[in-house]
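The next block holds one structure in the form of structure tokens; read it before the comments.
Every number here is computed from the coordinates shown, using simple stated rules; none is lab data. Predicted, not measured: the structure shown is a model, and the values here were computed from it. Because the Cβ atoms are built from the backbone with ideal geometry, glycine has one as well, and the counts that use them run over all protein chains shown.
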Amino acid sequence: MNNNHTIRMQVLCALFAAVTAVCSQLTIPIQPVPITLGTFAVLMAGGFLGKRYGFLAIVIYLLLGAAGVPVFSMMRAGISVLAGPSGGFIIGFAPMAFAVGLVSEKLGYTFKNMFLATLAGTAVCYIMGIGWFMFLTGTGIWPAMVMCMFPFLPGDFAKILLASFLVSKYRRRLLGDF
């Protein structure tokens with residue numbers, strides 16, 4: 001890899017960390033876990049940047065939030081947010097981006113392959129988020145899914161479709177010849 005590629009990817013990591021912070025503020029505040037556009041930004045980060053840089057972009061976002069920068073939904077920040085009911089989903093953003101990047105790098109960037117990649121990434125986030133919610137609250141699997149997954153499925157499906165389309169159509173344009 002040449003130096004221009006590395007610099008471009010580092011800038012894009014910072015950009016996607018910022019985009020994730022902004023998208024996380026677009027929220028429908030339901031309890032116990034709010035609906036946000038943050039997951040859409042994470043899908044895009046993994047799809048556009050790949051497993052390594054997509055993961056890094058989201059880790060930057062997580063570190064900013066853990067350090068007290070109000071990047072989590074509803075302008076929240078701190079370790080207490082990560083330790084709360086939505087913490088598993090927020091921490092799950094990093095492996096979500098990694099999964100999207102991994103699957104898309106293996107299969108390619110067609111719409112169909114990106115659909116599978118974003119579906120896999122979303123599943124990873126659900127597993128981590130629901131698992132943490134169950135651990136934290138003592139809730140069983142079915143009630144946790146009713147509270148933390150089912151209300152999100154229609155919106156997440158729309159995010160999956162849109163992210164798959166955008167990455168399959170514009171990835172080459174964003175990354176140039178790299």
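Details
- Our helix-only sum for the chain, with -39,500 (n - 2.57) per DSSP H run of n ≥ 4 divided by its residues, gives a mean residue ellipticity at 222 nm of -24500 deg cm²/dmol.
- Subtracting the Cα-Cα distance of L153 and L174 from 0.36 nm times their residue separation leaves 4.7 nm of extension gain.
- Cα gyration tensor, region 122-178 - rounded (a/c under 1.5), prolate or oblate: prolate
- Highest mean packing comes first when the peptides 95-106, 42-53 are listed by Cβ atoms within 10 Å, giving 42-53, 95-106.
- Ranking P70, M9, I91 by Cα position along the charge dipole of the chain, where only Lys, Arg, Asp and Glu carry charges on their C-beta atoms, puts M9 farthest toward the positive end.
- Shape class of region 3-172 from the alpha-carbon gyration tensor: oblate, with a/c at 1.5 or above and b/c at least as large as a/b.
- 3J(HN,Hα) along region 82-91, derived from phi through the Karplus expression 6.51 cos²θ - 1.76 cosθ + 1.60 where θ = phi - 60°, amounts to 5, 8, x, x, 8, x, x, 5, 5, 5 Hz, with x in place of Gly and Pro.
- Net charge, L116 excluded, C-beta distance under 14 Å - Lys, Arg +1, Asp, Glu -1: +1
- Distance between modelled label sites at V11 and F111, nm, 7 Å Cα→Cβ extension: 3.1
- Net charge dipole size for the chain [Lys, Arg +1 and Asp, Glu -1 on Cβ; Debye, nearest 20]: 440
- Helix axis angle, 153-175 relative to the chain longest principal axis, alpha carbon, degrees: 20
- Cα-based helix-to-principal-axis angle, 38-66 vs the chain, degrees rounded to 10: 50
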